1. Looking at the structure I just gave you, is ASN118 within 15 Å of the ligand (Cβ to nearest atom), out of contact with any Phe, Trp or Tyr (no Cβ under 6 Å at 6 or more places or on another chain) and either of a type in the set (S, T, N, Q) or not assigned by TED's automatic domain parsing to the domain that holds ALA156 (or both)?
2. Scan (1) surrounded by fewer than 22 Cβ atoms within 10 Å (Cβ to Cβ); (2) in contact with a Leu (Cβ under 8 Å, 6 or more places away or on another chain); (3) not in a helix (DSSP H, G or I) for the single condition GLY56 breaks and write down its number.
3. So which residues in the stretch 83-95 are over 12 Å from the mean Cα position of the chain (by Cα) and either more than 16 Å from the ligand (Cβ to nearest atom) or open to solvent by 20 Å² or more (accessible area, probe 1.4 Å) (or both), if there are any at all?
4. Select, from GLY50, GLY77, the only residue that is part of a loop (DSSP other than H, G, I, E, B) and surrounded by 19 or more Cβ atoms within 10 Å (Cβ to Cβ).
5. What number of residues within the stretch 1-40 are touching a residue at least 40 places away in the same chain (Cβ under 8 Å) and assigned to a helix (DSSP H, G or I)?
6. Would you tally the residues in the stretch 186-198 being under 19 Å from the mean Cα position of the chain (by Cα), open to solvent by 60 Å² or more (accessible area, probe 1.4 Å) and over 18 Å from GLY44 (Cα atoms)?
7. Quickly run through the stretch 96-113 and pick out the residues that are open to solvent by 50 Å² or more (accessible area, probe 1.4 Å) and within 9 Å of the ligand (Cβ to nearest atom).
8. From the list ASN12, ASN53, exactly one residue is polar (S, T, N, Q), within 13 Å of the ligand (Cβ to nearest atom) and over 28 Å from GLY174 (Cβ atoms). Which is it?
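The values are calculated or read from the model by the stated rules, or taken from the named source; none is laboratory data. Every value quoted in this text rests on a predicted model; they were computed, and no experiment measured them. All Cβ positions, even for glycine, are placed from backbone atoms using ideal geometry, and neighbour counts span all protein chains on display. All accessible areas refer to the heavy atoms of the entire protein, side chains included, with ligands and DNA or RNA removed. Shrake-Rupley method; radii C 1.70, N 1.55, O 1.52, S 1.80 Å.
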Amino acid sequence: MIRIVQETGSTNADLAARLAGGEYLPEGEWLVADRQVAGKGRLGRVWNDGAGNFMGSTVIRPAAGDPSPATLALMTGLAVYEALVGFLPRQSDLRLKWPNDLLLNDAKVAGILLEAANGVVIAGIGVNLHSAPDIPGRKVVALSDLGVEIGRDGFAQALTVSFDLELQRWRTAGLAPLLRRWQSAAHPLGTRLTVLPPGEEALEGRFAGLSQEGNLLLALDDGSQRTIHAGDVMLASAPH
Ligand code: BTN
């Protein structure tokens, strides 16, 4: 079920407040806002307004036997990818970037913020259908910049379907097929990346795929390989 509100601070914060108030939110329930005035991005960034864009949140209820919740970033990224790619004239323009960014011609077109709250995971998704929220130092793009006009409600329908499907696949088929599909929707192996692991200097290297747990493998120029569990990742060619 999709509930739409005209204006709110943040759809993630709204779901967190409802959970904190003792409300039971089932999987499959979405809160979508026409406008957000205090939208939250990753790493404490702001995710501004974006009228005409998709801004919505839902919950995932991790259960016994599920894969690690850390892999929900990849699952959610793939769900957004699947929802969006069908609207594009050229599928190859859209790429996933670890852990859960979507790039259109190397510019950020969507963002995902996963937050743990009251034993569930809130998945917040913002997609630049109509305009691109400014993110200092990042190349950003909206689908309408490329002449691709996607209505918010049509996209919301596509996303709820793909999210549901990917969540069930994540639960039942395990990680291996998810990782394979994620990697084939990502930038190619060998792509130069800059990685900022928390509390460390920036690392430069080449994308060497995903570990069996879904971590990022980075081939460093000295021939060694680093497994990245967390951090900000940028295409090395993009400004940052
Ligand atoms: C990012 O920084 O890449 C993540 C952006 C996530 C934005 C979405 S919009 C809907 C949901 N509510 C929020 O406050 N943030 C997420």
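1. In short, no.
2. (1)
3. Selection gives VAL85, GLY86, PHE87, LEU88, PRO89, ARG90, GLN91, SER92, ASP93.
4. GLY50 is the lone residue from the list that is part of a loop (DSSP other than H, G, I, E, B) and surrounded by 19 or more Cβ atoms within 10 Å (Cβ to Cβ).
5. Result for the stretch 1-40: 7.
6. 1
7. none
8. ASN53
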